[in-house]
1. Determine the order of 226, 141 by accessible area, beginning with the largest, at a probe radius of 1.4 Å.
2. How much length would be gained if the chain were fully extended between residue 258 and residue 152, taking 0.36 nm per residue of separation minus their Cα-Cα distance, in nm to one decimal?
3. How high is the FRET efficiency from residue 192 to residue 108, r the C-beta distance, R0 51 Å, rounded to 0.05?
4. Report the full-extension gain for the segment residue 60 to residue 284: residue separation times 0.36 nm, less the Cα-Cα distance, to one decimal in nm.
5. Past 29 Å, Cα to Cα, is the threshold; run 196/282; 169/265; 196/306; 182/244; 169/282 against it and keep the listed order.
6. Quick one: how many Å² of residue 220 are accessible to a 1.4 Å probe, rounded to 10?
7. In Å², what does the accessible area per residue of segment 61-136 work out to with a 1.4 Å probe?
8. Under a crude label model (7 Å from the Cα following the beta-carbon direction), how far is residue 236 from residue 213 in nanometres?
Amino acid sequence: MSISRSRFRVRLNNADLSRMSSLLIKILILLGVAAAAVFVLFQLGSSAASFTFEFREDVIDLNILNTVRREANVGNLSDVNLDELSTRELLLTMHSHIDNANTMCNRKIRMGYTGDGGWEICDDPDVRPRVPCIIYSFGISYDFSFDDDAAKLYGCHVYSFDPSMRREKDFYDRSSHVHFYKIGLSGTTYVNQDNKWLLMTFRDIREKLGHTNTTVDIVKMDIESSEWEALPEMVASGELRRVKQLLLEYHLVDQTRDYLLPRLKAIQAVESVGFQKFYVHKNHACTVSSVFPVTRTRCYEVHYLKR
């Protein structure tokens, strides 16, 4: 009886050891996977950290600004090979370039509200609107202050566009010189099936209004990121060459390479047809971003002219 019990205990111990060995191997495998995951996360964190700047209140670090000066392009982008820039260089260039003017307008006159909704027109003799003149205003959101002032003070016919204004008729004359259309600007002409908005290219809008061979004195655009679709078509079609002043808000919602590169190329295309920035302004209504060494905005109001 005692021998049988001893053999039974040995068999139990062997089974226990086998299970413990199997469990130990599984634990070691899990620890290896966890270590690999930590390493990957550390590498990703190190990569992400390259796009931020660490500040200590008690330390002066002149290298931060030197990095911006070295890696951010503020001049004309026409001759810059954007494909060769790193993601950080693209990010720093985006927030530096559209925040700096590169030409002079001796007299700016603000049309519309002094806050959000107003825009600056360059009133220098070689680019100011003169009767008969045409202004396109994309993105109204029930604020016609810019359109009304420009029509009243310059005597231009202002064509106002916004597909989101559901309370408005598809077309009506707000006054003898301000004309509203429930149309949006985009890179292609189609009806958005989600909201039933009619979106058209700049070329198709000009053709619809009979302005195909007519100079447009000013184009104002505040169209909530749709500028990135519209601008390449405006340049490729050649229609932007018939515009004297371009006032638009750039909206930035991401900082990845795939996001930044095509948008910087769109800005590059605008400059390639001769536009220069005479005034820039940060829209404080937008959420700020801290990826730059100092606080930035996600919405830049950029005013271009072409001489």
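1. Accessible-area ranking of 226, 141, largest first: 141, 226.
2. Full-extension gain reported as 33.8 nm.
3. 0.90
4. 77.9 nm
5. Working: 196/282 32 Å; 169/265 36 Å; 196/306 35 Å; 182/244 24 Å; 169/282 33 Å.
Violating the 29 Å limit, Cα to Cα: 196/282; 169/265; 196/306; 169/282.
6. Counting only protein heavy atoms, the figure is 10 Å².
7. Ligands and nucleic acids excluded, the figure is 51 Å² per residue.
8. Placing both labels 7 Å beyond Cα along the Cβ direction yields 2.6 nm.
The values are calculated or read from the model by the stated rules, or taken from the named source; none is laboratory data. Quantities reported herein were computed from a predicted structural model and do not represent experimental measurements. Cβ sites come from the backbone with ideal geometry, for glycine too, and all protein chains shown count toward neighbours. Accessible surface is based on the protein model in full, side chains and every heavy atom, while ligands, DNA and RNA are left aside. Shrake-Rupley method; radii C 1.70, N 1.55, O 1.52, S 1.80 Å.
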